[in-house]
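First the structure, in the form of structure tokens, and then the observations on it.
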Amino acid sequence: MSDVDNKVKMIVEGLLLAAGRPLTLDNIMQVFSEDERPDRNELKSVMENIAEDCDDRGFELMEVA
């Protein structure tokens, strides 16, 4: 994972933990400034990495309808 992807991952993890509610990809993308915003495919990849990392933690990342 590149440094940029790692930074995006850290931001998204913090956002998800702080939100306390489900967030759409669009909600998550709006947190980033336009010049730093990941594209949808990059964000989906980061979300998959976060979900894998959650496997051995006390919480689970789930995609909802």
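The values are calculated or read from the model by the stated rules, or taken from the named source; none is laboratory data. These figures come from a predicted structure and were not determined experimentally. Here Cβ is always computed from backbone atoms with ideal geometry, including for glycine, and neighbour counts include all displayed protein chains. To get the accessible areas, we keep the full protein, side chains included, count just its heavy atoms, and leave off ligands, DNA and RNA. Shrake-Rupley method; radii C 1.70, N 1.55, O 1.52, S 1.80 Å.
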- Query: So how tilted is helix 40-53 from the main axis of the chain? Cα-based, degrees 0 to 90, rounded to 10.
  - Reply: 30 degrees
- With the dipole of the chain worked out from charges on the C-beta (+1 for Lys and Arg, -1 for Asp and Glu) around the Cα centre, which of 31, 6, 46 lies farthest toward the positive end? 31
- 1.4 Å probe accessible area per residue over the chain, in Å²: 75 Å²
- Note on the structure: For the chain, the longest principal axis of the Cα atoms and the Cα long axis of helix 3-19 enclose an angle in degrees, to the nearest 10, of 60 degrees
- When Lys and Arg each count +1 and Asp and Glu each count -1, what net charge do the other residues less than 15 Å away from residue 62, Cβ to Cβ, add up to? -4
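Any idea what the relative contact order of the chain is, in percent, if you count C-alpha pairs under 8 Å spaced at least 6 apart?
Value for the chain: 32 percent.
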- Message: From the helices alone, meaning DSSP H stretches of at least four residues, give me the mean residue ellipticity at 222 nm for the chain, per-run term -39500 (n - 2.57), in deg cm²/dmol to the nearest 500.
- Response: -17000 deg cm²/dmol
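Using only Cα atoms, what Kirkwood radius does the chain have, in angstroms?
Values: mean 1/r = 0.0820 Å⁻¹.
The answer is 12.2 Å.
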- Go ahead and collect, in residue order, the members of segment 15-41 whose backbone nitrogen is under 12 Å from a label point 7 Å along the Cα-Cβ direction of residue 63. 25, 41
